[in-house]
Every structure is written in C-alpha cells, then in structure tokens.
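Colleague: Structure provided below as structure tokens; questions to follow.
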Amino acid sequence: MSPVDLNVKRPIPPSLVQVLPAEPLLLMGAGPVPVPAEVARAGSMVINHLGDTMNLVVDGVKEMARYVFQTQDDKIYGVSGPASAAMEMAVGNLLWPGRKILVLKMGTFSNRFAEMAAGVGAQIEVLEAPEGEPVRAEQVEKKLAAERFDVVSVVQGETSCGVWTRELPRIACLARQAGALMVADAVCTLSTMPLKKDEWGIDVVFTGSQKGLSSLPGVALIAFSDAAWELLQQHPGPKPHWCLDAQRAQNFWGEHTYHYTAPVTGLLALYEALRLICEEKLEQRFARHRHSSLALQAGIEGMGLKLSIAAEYRLNSVLAIDIPPGTDGVRARRYMAERFKVQISESFGRDIVRIGQMGEQCRAPNLFRTLHALGVAFSHEGIKLELSRGMAELEAHLIQHAAGIL
Ligand SMILES: Cc1ncc(COP(=O)(O)O)c(C=O)c1O
C-alpha cells in the first residue's frame, strides 16, 4: 500500500454550523427525543472520570436509578454505549454454550436477544407472537412447562411495531416459578409507564438514555438482581466482551476504581435527567405520558388516520400509524420535516410511521405541532382527512384529563 501523502490537498468538510439545520427539528420519532435544558447543560461539561466529584455522580445515578427501576438492587451500572450495549451485557454475562434462553419475539428489538445469544453460543428458542400482538403469558406457561430455560427475555414495549407486553408481571412470575431468570428490555418504556422490578420479580432490566429518560444518547442503564449476579459469577470464561463484563463494571460502579474511561458527559446528563424524574415523581410522570399519548391517539383517529395496534396491546410510548393506501410514508415524513420541522420515524419494513411519546415529547405544544404536521402531510398526499376534528379531539382530551400536567 502506498504511504499517505500529507501534501495532497484534500477537501475539508464544512463546519457543523453549515451542516446542522438553522432551526433544529422537533424530534418526535422513536428516539432520540428532545432533552431538557438542564440535561443539555450538564452534557456539555467534561470532568475527570475518577475522583470525588465523579464518585458523587456515580452514587447519585445509582440511587436515582433504583427509584426509577423500582428496585433495591445494588448491582446497577451505566453502560457506555447504546441500549443494545446493555442488552449485550445481559446476554454476554448470563449466557454461554450449554445455557438456554427463551426469547419472546414481537418484532425487531425483542428478536435482538436471539441474535446476541447466538453470538455467545447459547441455545435459543423463540416464541413468536402473531403480527401486532404481544406474546401471551399462556404461551409462555406452556413452553416453560415443557422445557427448562436459564433465561427468559422480553421487551416491555416493542418499539418497532408499537406493541405493549401488558402481561409482563405474570410472565416474570412464570419465569421465576420455572427457575429461569427474567430479563426485561425497558428501553422505550422506563419512566413512561409502571415497571416494578422487584415487585414483579424481574432479574435484569435495562434501558437507554435517549428515550423515556430524555437524556443524551450514549449511556445505557442496567440493574442485576442478586440471583442474576450469583449466576453470572458462574460464567466459565473467558467473557465475550471485556467492556461489558459486569464483574469488571463493578470496579467502577461499586468500588470507584478504574474499568475504562467512563462516558463523563453522558453520565452528567443522565444524572440531571434522573434528577428531573425524581423531582417530577414517577406517578405524575406516568400520568403525563399516558394522557399525552391518549390525547394524541384521539387526535390521530379523530382526523381519520388508523392506529395500527389494537387498543388492548397498544404501546403508549411509541405509536404506530398505518400509512393510508395510495400515499407515500417516506414523502409524508419528509414533508413534515421540511415544512414543519417535525421529525417522526419510519418503520422496520412495515407500512407504518411511528410517533414517539417519551420524555419531553409528551408536552402539549409538541403534540399540537406534530398532529397538525402529520395531518397536513398526509392531506398533501392526496387523501381526505378531517384535520380540524383531529386537532379538536386532541384538545378535548387534554382539557378533560390532563389540565396542568402537560
Ligand atoms: C425496545 C428497544 N430495545 C432496544 C433498542 C436498541 O436501542 P439502541 O438503538 O440504543 O441500541 C431500541 C431502540 O430503539 C428499542 O426501542
């Protein structure tokens, strides 16, 4: 290979001032979501990754995470990376050749457990739900009665299609009775709806920073029960991931010593995001999310668009909306972004668009702006929608149920 000639003139990419839009888009997709000003400020600081100040931050994050996960667990870690890194930490520490996982599959993210478990050589069984529905506790019960599993994995909210595992508490109970560890993905649901880790008997739960918590992307959170911790210590080694080795993470998160250089800015931002949740209080936050989502759902249906998932399985934190026949979802989303500076998400191979209802997305002005942009964009595609009726339904729900909380 010839050496790189430093004297050759190369184009320098433009500065970010030129690259970024003059007015930021309102992020109303499936994540990342807008962050509060306190979080943005905290995320602009760099401090040393070890030392007294960082120790206070680490202890504070753990303490506040205990509240948000509703757990007494001691083994709580911030993981440098996306939520998938926390999923990988769960899989890589609890599974190895000879161990077996039951994966409850409802879409792309629940299936990711199976992809990761294959990577560490575990045995995998996938229990798949019919399209647009969650896996039922009944199915899980049958499977667990017939076979022994070390781990059962579930996603509380399947972001890819907008399905809610409503029976999570019962599924966790079944896993415990069958002697399996319950691992739950709460990536798009944590702090948007109840998740009672200890009361429901969930062994491992994780989330990302960029969704319900409304923090900067790049730091995930995970909590291990004592039973999960005991089991992961039996790993025959070597562990597949050095950075994601939970026992090594304990150096930093338990002993305040070096594991790797912590994602300092992301942790500061997460600290602030968690602190704001503690201030708001979970019950209040759940009510804000629920009514924001229900108001938006009323507005979407009121203008004549169709929500993809039946009400009983519908996830409030990410709404899937059918793309009306004869319209182009990609073009409609682009129109929303260009004309109204509102960004919503595409699908994972389905005929849907998705709107997020997580963290700062659940504020009244964001709802009005998004619903209006959605209605205009699909009307522009040539279908007849009752835009004003939809906006009125949204407003009516907010007035009736959510005055003062959004
Ligand atoms: C339910 C769920 N699990 C896992 C992930 C993966 O998160 P990340 O993209 O941060 O790795 C996502 C991302 O959208 C998700 O919604």
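Colleague: Kindly indicate the residue of segment 110-169 that is of a type in the set (Lys, Arg) and touching a residue at least 40 places away in the same chain (Cβ under 8 Å) and also surrounded by the most Cβ atoms within 10 Å (Cβ to Cβ) among those meeting that condition.
Modeller: Here the residue is 143.
Colleague: Right, another one. Of all residues in segment 170-191, how many are crowded, with 21+ Cβ neighbours inside 10 Å, more than 10 Å from the ligand (Cβ to nearest atom) and of a type in the set (S, T, N, Q)?
Modeller: Residues that pass the stated criteria total 1.
Colleague: Residue 116: assigned to a helix (DSSP H, G or I) and either out of contact with any Cys (no Cβ under 6 Å at 6 or more places or on another chain) or more than 16 Å from the ligand (Cβ to nearest atom) (or both), yes or no?
Modeller: yes
Colleague: Name the residue that is farthest from the chain's Cα centre (by Cα), counting only residues in segment 11-69 that are within 24 Å of residue 374 (Cα to Cα) and not in a loop (DSSP other than H, G, I, E, B).
Modeller: Once the filter is applied, the top-ranked residue is 26.
Rundown of residues vs (1) out of contact with any helix residue (DSSP H, G or I) (no Cβ under 8 Å at 6 or more places or on another chain); (2) not assigned by TED's automatic domain parsing to the domain that holds residue 392, yes/no style:
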position	(1), (2)
271	no, yes
287	yes, no
291	no, no
302	no, no
315	yes, no
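Colleague: Please pick out the residue among 220, 262, 269, 273 that is within 16 Å of the ligand (Cβ to nearest atom) and outside any helix (DSSP H, G or I).
Modeller: 220
Colleague: Okay, moving on. Among the listed residues 64, 28, 1, which satisfies the condition of being in contact (Cβ under 8 Å) with a residue 12 or more places away in the chain and outside the structural domain of residue 192 (by TED's automatic domain parsing)?
Modeller: 28
Colleague: Now, a different point. Taking segment 123-164, which residues are within 13 Å of the ligand (Cβ to nearest atom) and among the hydrophobic types (A, V, I, L, M, F, W, C)? I'd like the intermediate steps shown before the answer.
Modeller: Taking segment 123-164 and keeping what is within 13 Å of the ligand (Cβ to nearest atom), we get 134, 153-164.
Answer for segment 123-164, where residues must be within 13 Å of the ligand (Cβ to nearest atom) and among the hydrophobic types (A, V, I, L, M, F, W, C): 154, 155, 161, 163, 164.
Colleague: I need the helices (runs of 4 or more DSSP H) fully contained in segment 296-401, keeping only those with at least 1 residues that are of a type in the set (S, T, N, Q).
Modeller: In segment 296-401, 364-380, 387-401 are the helices (runs of 4 or more DSSP H) which contain 1 or more residues that are of a type in the set (S, T, N, Q).
Colleague: Please state which one of 91, 79 is in a strand (DSSP E or B), within 23 Å of residue 200 (Cβ to Cβ) and aliphatic (A, V, I, L, M).
Modeller: None of the other options fit; the residue is 79.
Colleague: The conditions are (1) among the small types (Gly, Ala, Ser); (2) within 30 Å of residue 297 (Cβ to Cβ); (3) in contact with a helix residue (DSSP H, G or I) (Cβ under 8 Å, 6 or more places away or on another chain), and residue 178 fails exactly one of them. Which is it?
Modeller: Exception for residue 178: condition (2).
Colleague: Right, here's the next one. Would you mind telling me which numbered condition in (1) assigned to a helix (DSSP H, G or I); (2) among the polar types (S, T, N, Q); (3) surrounded by 24 or more Cβ atoms within 10 Å (Cβ to Cβ) residue 250 fails?
Modeller: Every condition holds for residue 250 apart from (3).
Colleague: Could you check residue 347 against (1) hydroxyl-bearing (Ser, Thr, Tyr); (2) in contact with a strand residue (DSSP E or B) (Cβ under 8 Å, 6 or more places away or on another chain); (3) at pLDDT 95 or above and say which number it fails?
Modeller: (3)
Colleague: With the requirement that a residue be more than 14 Å from the ligand (Cβ to nearest atom), not basic (Lys, Arg) and not in a helix (DSSP H, G or I), what does segment 192-213 give you?
Modeller: Those that are more than 14 Å from the ligand (Cβ to nearest atom), not basic (Lys, Arg) and not in a helix (DSSP H, G or I): 194, 201, 202, 203.
Colleague: If only one of 107, 98, 78, 92 is out of contact with any Phe, Trp or Tyr (no Cβ under 9 Å at 6 or more places or on another chain), within 16 Å of the ligand (Cβ to nearest atom) and in contact (Cβ under 8 Å) with a residue 12 or more places away in the chain, which one is it? Write out each step before concluding.
Modeller: On the way: 107 fails: out of contact with any Phe, Trp or Tyr (no Cβ under 9 Å at 6 or more places or on another chain); 98 fails: within 16 Å of the ligand (Cβ to nearest atom); 78 fails: out of contact with any Phe, Trp or Tyr (no Cβ under 9 Å at 6 or more places or on another chain).
So the residue among 107, 98, 78, 92 that is out of contact with any Phe, Trp or Tyr (no Cβ under 9 Å at 6 or more places or on another chain), within 16 Å of the ligand (Cβ to nearest atom) and in contact (Cβ under 8 Å) with a residue 12 or more places away in the chain is 92.
The values are calculated or read from the model by the stated rules, or taken from the named source; none is laboratory data. Remember, predicted model here, so these are calculated numbers, not experimental data. Cβ: placed from backbone, ideal geometry, glycine included. Neighbour counts: every protein chain shown.
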